[in-house]
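**Student:** Once you've had a glance at the structure underneath, I'll fire off some questions.
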Amino acid sequence: MALNVVGLGSELSGDDAVGLVLVERLRGRVAGTPVACLVWSDVDALTAAHDLLALEGAVLLVDCADMGLEPGSYRLLVQSQVRLQVKHSAVSVHGIGVAEALELARRLGFAQPVHLFAVQPFQLEPGTPLSNELQARLPALDDALTAAVEGLEGGALPGEPKRRSG
Amino acid sequence: MAGNDKTYNIDIHHVTRVEGHGNIKISTTEGVVKEVKLEIVEANRFFERLVHGMLPHEVPWIVSRICGICCVGHQVTAIKAVEAALGVQPSPQTILLRKLFTESQFIQSHVLHIYFLAVPDFLGVQSVLPLASSHPEVVKRALKLKKLGNDYTAAIGGRMLHPMTDTVGGFYRMPKLDVLEELHRRLLEAVPDVQETIRIAKTLKIPPYERQTEYVSLKDKSEYALYDGDVYSSDTKECVPVAQYRNVTNEFTVAHSTTKWSKWHRNSYFVGALARVNNNFDQLRPEAKNAAADLGFKAPSYNPYMNNVAQVIETVHCVYNSVAMLEQVLNSGLKEEKPVYTPQAGQGAGSCEVPRGILFHDYTFDQSGRCVAGNAIIPTSQNINNIEQDMKDFVPKMLPTMSQEELALHMEMLLRAYDPCISCSVHMLDVEFID
């Protein structure tokens, strides 16, 4: 089954856009492969839960995350390494969190593996685009995301030749 | 206030499945109610100060950030207030688009509240998550309707959250007709889901507690008032102009709440779906009236728990009314209209109904067109006083037959029935220093 690479984030909150940008850039590199690139800009978690249910195959979420790492660092968290804390009290008028959305989708029958490619932001200032610092890291992050996709797909992508940064 | 020999101490520190922080405190000693309090402990937000120095068209974008779920309502209400201050008259096309915009927000907000926040109470589960296991089809339907509401808002406003296309005097960008056509198709497709929502609502056991209060909403001579109208009181059966809103809200402070309280002709009043349906029942669409009959709703209802049912009735109204309005737009088409205004000194108030009740905004601009004063009075802040009065009335009635846990649950359900957005309700206290 296809791997779905889903970019999450907001285009107007600084480095929160990194998931959207990376998946958009990945699109050309996976053309002709079973990998599907989806960009979910500014979606709320309930909509994400709804849209997850329509997917077949494993999911790799690409998002900005505060992991307490150096800004610009990334981590690939495969499903077996991740335990999301679900809080019933997190459901409010303003919607729900990512953990609750995933749990909701799970309980509604979404059984595929979900992995996370997370990038530590430099800044999340409202009304700003991706920071210059993170833009400078994009080629390295492209390589890391490509490697992550290849790892999850079990082989090299047939697209453009692999480019590895130092 | 006797209720046999029960001694209860209920202290719900932050009620869940509402937005923001509110505590419920109840103490009874040997069947006598000693204290019933709804404490609001949110910090002030200072939005009314944030808009100082801003230009007229900037104000609505900033104040839409007061709330993520009512962002459309805050934006449209602020636009109406700014237009009143500057003497701008929007075109009929703009008004029609704003009405669509408003109803999109009602669909997404009511669906969220009914399915994700209220229904778990009635089915005895902690949240929507267990419901997804036990009633997956119900939750899938809820997600589908919520997404429809979100996409509807984005179709008119450019995006679901804090839209950017609407402004003072009109729209920067017209919605695309093919997108509206698709929306029309999806709304029609949602009719069976709406009917199923009525069926589910019919099975909910609504607690049978009633207290007559004053119901306040907008009233419009020509239609069910959501976008426009005068301020109507069920007590006087009369309207006052929106410009006189301060005579309606009569805000005052109490020691246990950072939210200001309101009262009009009696010690508290009710705003929201129940107030609107009570006050304007005859103007609901026939499909919504049929839903009300099906749900056993008779206006006026004095049962605050019926606010959930009133939200279902309004969802039906908005779906059918949106279909009709979209047909009007699709038949006539949309023409480009450049939004324009002249910055000048002035003061104006605007009001819309938002899902949680009547909302007021008021702005003053100086000669250069810069904002020098702002005021926003949110539905939840108007309702908090009424919720506490309900609690004070219901606790003695519930005490004889309920355990402490049952009483606590019914109080939480009561608060949630009002669909409060507590953090939005907190606005700045006016402080005057006297030398």
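The values are calculated or read from the model by the stated rules, or taken from the named source; none is laboratory data. Everything numeric in this text was worked out from a predicted model, so none of it was measured. We place every Cβ from the backbone using ideal geometry, glycine too, and count neighbours over all the protein chains shown.
**Student:** Count, please, the residues in segment A:31-51 that happen to be touching a strand residue (DSSP E or B) at 6+ places or on another chain (Cβ under 9 Å), modelled with pLDDT of 90 or more, crowded, with 21+ Cβ neighbours inside 10 Å and not in a strand (DSSP E or B).
**Tutor:** The total comes to 1.
**Student:** Check whether at least one residue in segment B:162-169 is out of contact with any Phe, Trp or Tyr (no Cβ under 6 Å at 6 or more places or on another chain), on the phi > 0 side of the Ramachandran plot and buried (at least 17 other Cβ atoms within 10 Å of the Cβ), and report yes or no.
**Tutor:** Yes, segment B:162-169 contains a residue that is out of contact with any Phe, Trp or Tyr (no Cβ under 6 Å at 6 or more places or on another chain), on the phi > 0 side of the Ramachandran plot and buried (at least 17 other Cβ atoms within 10 Å of the Cβ).
**Student:** Restricting to segment B:187-206, count the residues that are more than 22 Å from the chain's Cα centre (by Cα), part of a loop (DSSP other than H, G, I, E, B) and closer than 29 Å to B:N386 by Cα.
**Tutor:** The total comes to 1.
**Student:** Which residues, counting only those in segment A:69-79, are in a loop (DSSP other than H, G, I, E, B) and either surrounded by 13 or more Cβ atoms within 10 Å (Cβ to Cβ) or free of Cβ contacts under 8 Å to residues at least 40 places away in the same chain (or both)?
**Tutor:** Residues satisfying the conditions are A:L69, A:P71, A:G72, A:S73, A:V78.
**Student:** Oh, and also: Looking only at segment B:121-142, count how many residues are part of a helix (DSSP H, G or I), under 17 Å from B:K202 (Cα atoms) and either at the interface with chain A (Cβ under 7 Å from one of its Cβ atoms) or at pLDDT below 85 (or both).
**Tutor:** Number of matching residues: 3.
**Student:** Separate question: When B:G157 is evaluated against the numbered criteria (1) away from every other protein chain (no Cβ under 14 Å); (2) more than 30 Å from A:V86 (Cβ to Cβ); (3) surrounded by 22 or more Cβ atoms within 10 Å (Cβ to Cβ), which criterion, by number, is the only one it fails?
**Tutor:** Here B:G157 meets the rest and fails (1).
**Student:** In segment B:60-110, what count of residues is obtained for those that are touching a His at 6+ places or on another chain (Cβ under 7 Å) and either at pLDDT 95 or above or in a helix (DSSP H, G or I) (or both)?
**Tutor:** Residues in segment B:60-110 being touching a His at 6+ places or on another chain (Cβ under 7 Å) and either at pLDDT 95 or above or in a helix (DSSP H, G or I) (or both): 8 in total.
**Student:** Hey, another quick one. Checking the condition among the hydrophobic types (A, V, I, L, M, F, W, C), more than 18 Å from B:N280 (Cα to Cα) and not in a strand (DSSP E or B), which residue from B:A154, B:A225 passes?
**Tutor:** On the way: B:A225 fails: more than 18 Å from B:N280 (Cα to Cα).
Only one candidate passes the filter, namely B:A154.
**Student:** Which of (1) in contact with a Phe, Trp or Tyr (Cβ under 7 Å, 6 or more places away or on another chain); (2) without any contact (Cβ under 8 Å) to a residue 40 or more places away in the chain is the odd one out, the single condition B:I156 does not satisfy?
**Tutor:** Of (1) in contact with a Phe, Trp or Tyr (Cβ under 7 Å, 6 or more places away or on another chain); (2) without any contact (Cβ under 8 Å) to a residue 40 or more places away in the chain, only one is false for B:I156: (2).
**Student:** Which residue is nearest to B:A190 (Cα to Cα), if the candidates are limited to segment B:266-300 and must be in contact with a His (Cβ under 6 Å, 6 or more places away or on another chain) and of a type in the set (A, V, I, L, M)? Write out each step before concluding.
**Tutor:** If we filter segment B:266-300 for residues that are in contact with a His (Cβ under 6 Å, 6 or more places away or on another chain), which is where we start, we get B:284-285, B:288.
Narrowing the set further to residues that are of a type in the set (A, V, I, L, M) leaves B:284, B:288.
Numbers: B:L284: 19, B:A288: 15 Å.
If we take residues in segment B:266-300 being in contact with a His (Cβ under 6 Å, 6 or more places away or on another chain) and of a type in the set (A, V, I, L, M), then B:A288 is nearest to B:A190 (Cα to Cα).
**Student:** Hey, could you check segment A:109-140 for residues that are within 14 Å of chain B (Cβ to nearest Cβ) and at pLDDT below 90 and say which is nearest to A:P71 (Cα to Cα)?
**Tutor:** Ranking the qualifying residues of segment A:109-140, first place goes to A:P126.
**Student:** OK, next. Answer yes if at least one residue in segment B:226-238 is surrounded by 14 or more Cβ atoms within 10 Å (Cβ to Cβ), more than 16 Å from the chain's Cα centre (by Cα) and aliphatic (A, V, I, L, M), and no otherwise.
**Tutor:** The answer is no; no qualifying residue exists.
**Student:** A further question on this structure: Just one of B:V254, B:V323, B:V242 is at negative phi, among the hydrophobic types (A, V, I, L, M, F, W, C) and surrounded by 22 or more Cβ atoms within 10 Å (Cβ to Cβ); which is it?
**Tutor:** B:V242
**Student:** Checking B:L415 against (1) surrounded by 22 or more Cβ atoms within 10 Å (Cβ to Cβ); (2) among the hydrophobic types (A, V, I, L, M, F, W, C); (3) farther than 14 Å from B:Y269 by Cα; (4) modelled with pLDDT of 95 or more, which single condition isn't satisfied?
**Tutor:** Every condition holds for B:L415 apart from (4).
**Student:** Right, next: I'm told A:A54 meets every condition in (1) at pLDDT 85 or above; (2) away from chain B (no Cβ under 14 Å) except one. Can you identify the failing condition by its number?
**Tutor:** Looking at each condition in turn, A:A54 falls short on (2).
**Student:** Which of the residues spanning segment A:108-153 are among the aromatic types (F, W, Y) and in contact with a Lys or Arg (Cβ under 8 Å, 6 or more places away or on another chain)? Let's see the steps before the verdict.
**Tutor:** Going through segment A:108-153, the residues among the aromatic types (F, W, Y) turn out to be A:110, A:117, A:122.
Correct list: A:F117 only.
**Student:** Regarding segment B:34-55, can at least one residue be identified that is within 24 Å of B:L180 (Cα to Cα) and touching a His at 6+ places or on another chain (Cβ under 9 Å)?
**Tutor:** no
**Student:** Looking at (1) under 18 Å from A:D143 (Cα atoms); (2) surrounded by fewer than 18 Cβ atoms within 10 Å (Cβ to Cβ); (3) out of contact with any Cys (no Cβ under 8 Å at 6 or more places or on another chain), which one does A:D66 not meet, given that it meets all the others?
**Tutor:** (1)
**Student:** Considering B:V72, B:V63, which residue is among the β-branched types (V, I, T) and out of contact with any Gly (no Cβ under 7 Å at 6 or more places or on another chain)?
**Tutor:** So the residue among B:V72, B:V63 that is among the β-branched types (V, I, T) and out of contact with any Gly (no Cβ under 7 Å at 6 or more places or on another chain) is B:V63.
**Student:** Six or more apart or on different chains, Cβ under 6 Å: which pairs go from a residue in segment B:201-217 that's within 19 Å of B:V111 (Cα to Cα) to one that's part of a loop (DSSP other than H, G, I, E, B)? Could you list them?
**Tutor:** Filtered contacts from segment B:201-217: B:A201/B:L295; B:K202/B:L295.
**Student:** Right, next: I'm trying to understand the selection: among the residues of segment B:93-127, which are small (G, A, S), under 16 Å from B:C71 (Cα atoms) and either touching a helix residue (DSSP H, G or I) at 6+ places or on another chain (Cβ under 6 Å) or surrounded by fewer than 22 Cβ atoms within 10 Å (Cβ to Cβ) (or both)?
**Tutor:** Within segment B:93-127, just B:S104 meets the criteria.
**Student:** Of the residues that make up segment B:298-314, is at least one surrounded by 23 or more Cβ atoms within 10 Å (Cβ to Cβ) and under 28 Å from B:M174 (Cβ atoms)?
**Tutor:** yes
**Student:** Right, another one. Restricting the search to segment A:113-148, which residues are closer than 16 Å to A:V6 by Cα and assigned to a loop (DSSP other than H, G, I, E, B)?
**Tutor:** A:P113
**Student:** Every residue in segment B:371-408 that is farther than 30 Å from B:F46 by Cβ, in a helix (DSSP H, G or I) and either touching a Gly at 6+ places or on another chain (Cβ under 9 Å) or among the β-branched types (V, I, T) (or both), please.
**Tutor:** If the condition is that a residue be farther than 30 Å from B:F46 by Cβ, in a helix (DSSP H, G or I) and either touching a Gly at 6+ places or on another chain (Cβ under 9 Å) or among the β-branched types (V, I, T) (or both), then B:V395, B:P396, B:K397, B:M398 are the ones that fit.
**Student:** What about B:N307, is it polar (S, T, N, Q), more than 27 Å from B:Y363 (Cβ to Cβ) and not in a loop (DSSP other than H, G, I, E, B)?
**Tutor:** The answer is yes for B:N307.
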